[in-house]
Amino acid sequence: MERFTQAIEFSSTEKTDIIDVTERVRSIIRDSRIAHGIVTLFTTHTTTAIRINENERGLLVDIKRFLEQKAPAFRNYRHDDIDQRDVPEDEPINAHAHLKSLLLGASETVPLIDGSMQLGTWQSIFFIDLDGPRRRRMLVHIIGERK
Ligand code: ZN
């Protein structure tokens with residue numbers, strides 16, 4: 001059994017930024033030379049998410065609207081009561097982003113067969129920043145066997 005882990009680092013550019021990382025993940029899989037196994041995509045932040053869905057411009061707008069409806073940016077959130085917490089002065093007001101992340105999830109797993117992720121035609125892998133713009137990082141972790 002082989003294993004290969006690589007981080008993808010980048011800067012998000014919007015408050016809610018849906019970034020298609022599918023091609024970067026494919027490139028890492030090629031570098032790993034692992035052909036059969038499991039690819040895990042994992043975010044190391046509490047206000048981001050990893051999800052698989054369709055990269056269609058209208059749908060990306062719909063996803064942002066849906067998330068905003070589920071957890072509006074400004075509500076009477078306890079996490080945003082900065083005076084009640086021992087935090088740095090530049091602590092972001094971001095309870096909504098934690099809640100959106102909770103709904104979406106921090107990881108996805110994709111089967112790897114004959115060197116190819118078994119994504120459907122319309123499936124793309126998204127890194128979703130819910131409290132951008134910021135410097136962010138995700139992990140691509142591959143376990144399996146070479147050909
Ligand atoms: Zn927070």
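Look at the range 123-140: where a residue is farther than 14 Å from I8 by Cβ and a partner is within 16 Å of the ligand (Cβ to nearest atom) and assigned to a strand (DSSP E or B), sitting 6+ places away or on another chain with Cβ atoms under 9 Å, you get L130/T48; L130/A49; D131/T48; G132/T48; R134/T48.
Figure legend. Inter-residue proximity from the range 96-114: first residues under 30 Å from N76 (Cβ atoms), second residues at pLDDT below 95 and outside any helix (DSSP H, G or I), beta-carbon distance below 8 Å, spacing 6+ or different chains. Indicated pairs: H96/A73; H96/F74; H96/R75. Of the helices (runs of 4 or more DSSP H) lying entirely inside the range 13-117, the ones with 2 or more residues being within 13 Å of the ligand (Cβ to nearest atom) and surrounded by 12 or more Cβ atoms within 10 Å (Cβ to Cβ) are found at 95-104. Kindly establish whether R135 is away from the ligand (no atom under 13 Å from the Cβ) and of a type in the set (K, R). Against the criterion (away from the ligand (no atom under 13 Å from the Cβ) and of a type in the set (K, R)), R135 qualifies. Do we have any residue at all in the range 65-84 that's β-branched (V, I, T) and in contact (Cβ under 8 Å) with a residue 40 or more places away in the chain? No, every residue in the range 65-84 fails to be β-branched (V, I, T) and in contact (Cβ under 8 Å) with a residue 40 or more places away in the chain.
The values are calculated or read from the model by the stated rules, or taken from the named source; none is laboratory data. All values reported here derive from a predicted model rather than from experimental measurement. Backbone-built Cβ (ideal geometry, glycine too); neighbour counts: all protein chains shown.
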